[in-house]
Amino acid sequence: KAGVTQTPRYLIKTRGQQVTLSCSPISGHRSVSWYQQTPGQGLQFLFEYFSETQRNKGNFPGRFSGRQFSNSRSEMNVSTLELGDSALYLCASSLGTVGNYEQYFGPGTRLTVT
Amino acid sequence: QKEVEQNSGPLSVPEGAIASLNCTYSDRGSQSFFWYRQYSGKSPELIMFIYSNGDKEDGRFTAQLNKASQYVSLLIRDSQPSDSATYLCAVTNSSASKIIFGSGTRLSIRP
């Protein structure tokens, strides 16, 4: 069974630009969660989507948004990029809602903002 | 108090010995607990998912959960150099609306 895939794997953007990251969950998985990982803050929850609906959102500004499509694929968008947005963005999928099922991570997208 | 606390390490263990990693959490209503392994430059890999009090074993790994004391531990038997990584403990909040990660314990297995 194919794992979680994320595209692109690496991205370099300039301050003020916007970026869209994509995540394809494991086949059959309906929940997709997004995380930001930085050396200083560790792994932080951004949001979770289940059946095309955002279930939960972490403590991030409104510049961070996402959506999920009917095939469970998800996208995350960050607008007006700041230097502090440089991080590894991880997507994770699970059969059902967070906490009730095992959650598997994709390889991540490394975003660098200059 | 952090929601999920782990000793950052590094924890150095000789090859073949038992490595013991600990994690405490603050939300008494937490129901689900995870252990992930993360190699440098890679994404976290799920090792264990536990939600009942007691022990859960999978190969060389044993997770121990004690909800009354609010801690969860991971034991790695017969440690191998390939076990050298950062181990992340994760806990759901009481409403199961999100998973909260600890900052991780860096484990080093010395030959």
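The values are calculated or read from the model by the stated rules, or taken from the named source; none is laboratory data. The model shown is predicted, which means the values in this text are computed figures rather than measured ones. Cβ atoms come from the backbone with ideal geometry, glycine included; neighbour counts cover every protein chain shown. What goes into the accessible areas is simple: the full protein's heavy atoms, side chains included, and nothing from ligands, DNA or RNA. Shrake-Rupley method; radii C 1.70, N 1.55, O 1.52, S 1.80 Å.
Would you be able to tell me the number of residues in the stretch A:53-104 that are free of Cβ contacts under 8 Å to residues at least 60 places away in the same chain, among the acidic types (Asp, Glu) and within 18 Å of residue A:13 (Cα to Cα)?
Matching residues across the stretch A:53-104 total 2.
Please state which of the following conditions residue B:51 fails to meet, knowing it meets all the rest: (1) modelled with pLDDT of 95 or more; (2) open to solvent by 20 Å² or more (accessible area, probe 1.4 Å); (3) among the aromatic types (Phe, Trp, Tyr).
(1)
Please verify whether the stretch A:53-70 includes one or more residues that are more than 12 Å from chain B (Cβ to nearest Cβ) and touching a His at 6+ places or on another chain (Cβ under 9 Å).
Looking through the stretch A:53-70, none of the residues is more than 12 Å from chain B (Cβ to nearest Cβ) and touching a His at 6+ places or on another chain (Cβ under 9 Å).
Condition check ((1) open to solvent by 20 Å² or more (accessible area, probe 1.4 Å); (2) farther than 19 Å from residue B:93 by Cα; (3) hydroxyl-bearing (Ser, Thr, Tyr)) across all residues:
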{"position": "B:29", "(1), (2), (3)": "yes, no, no"}
{"position": "B:36", "(1), (2), (3)": "no, no, yes"}
{"position": "B:55", "(1), (2), (3)": "yes, yes, no"}
{"position": "B:69", "(1), (2), (3)": "yes, no, yes"}
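Please work out which residue is nearest to the other protein chains (Cβ to nearest Cβ), limiting yourself to the stretch B:90-108 and to residues that are in a strand (DSSP E or B) and closer than 20 Å to residue A:40 by Cα.
Across the stretch B:90-108, the extreme among qualifying residues is B:101.
Which condition does residue B:40 not pass, out of (1) within 26 Å of residue A:44 (Cβ to Cβ); (2) of a type in the set (S, T, N, Q); (3) modelled with pLDDT under 90; (4) open to solvent by 70 Å² or more (accessible area, probe 1.4 Å), if it passes all the others?
All conditions are met except number (3).
Taking the stretch B:80-99 on its own, how many of its residues are within 12 Å of the chain's Cα centre (by Cα) and under 19 Å from residue B:2 (Cβ atoms)?
Residues in the stretch B:80-99 being within 12 Å of the chain's Cα centre (by Cα) and under 19 Å from residue B:2 (Cβ atoms): 6 in total.
Are any residues in the stretch A:51-64 in a strand (DSSP E or B) and open to solvent by 50 Å² or more (accessible area, probe 1.4 Å), and if so, which ones?
A:53, A:54, A:55, A:57
Among (1) assigned to a strand (DSSP E or B); (2) in contact with a Pro (Cβ under 8 Å, 6 or more places away or on another chain), there is one condition residue B:43 misses while meeting the rest; what is its number?
(1)
I'm trying to understand the selection: among the residues of the stretch B:71-89, which are in a loop (DSSP other than H, G, I, E, B), open to solvent by 10 Å² or more (accessible area, probe 1.4 Å) and touching a strand residue (DSSP E or B) at 6+ places or on another chain (Cβ under 7 Å)?
B:80, B:84
Polar (S, T, N, Q), farther than 23 Å from residue B:6 by Cα and either in contact with a helix residue (DSSP H, G or I) (Cβ under 8 Å, 6 or more places away or on another chain) or in contact (Cβ under 8 Å) with a residue 60 or more places away in the chain (or both), is that true of residue A:17?
Spelling it out, residue A:17 is indeed polar (S, T, N, Q), farther than 23 Å from residue B:6 by Cα and either in contact with a helix residue (DSSP H, G or I) (Cβ under 8 Å, 6 or more places away or on another chain) or in contact (Cβ under 8 Å) with a residue 60 or more places away in the chain (or both).
Check whether at least one residue in the stretch A:86-93 is buried (at least 19 other Cβ atoms within 10 Å of the Cβ) and over 16 Å from the mean Cα position of the chain (by Cα), and report yes or no.
No, the stretch A:86-93 contains no residue that is buried (at least 19 other Cβ atoms within 10 Å of the Cβ) and over 16 Å from the mean Cα position of the chain (by Cα).
Can you report the number of residues in the stretch B:1-32 which are at pLDDT below 95 and either within 23 Å of residue A:95 (Cα to Cα) or part of a strand (DSSP E or B) (or both)?
Residues flagged as at pLDDT below 95 and either within 23 Å of residue A:95 (Cα to Cα) or part of a strand (DSSP E or B) (or both) within the stretch B:1-32 amount to 4.
If I filter the stretch A:71-88 down to residues being part of a loop (DSSP other than H, G, I, E, B) and among the hydroxyl-bearing types (Ser, Thr, Tyr), which single residue comes out as farthest from the other protein chains (Cβ to nearest Cβ)?
A:80
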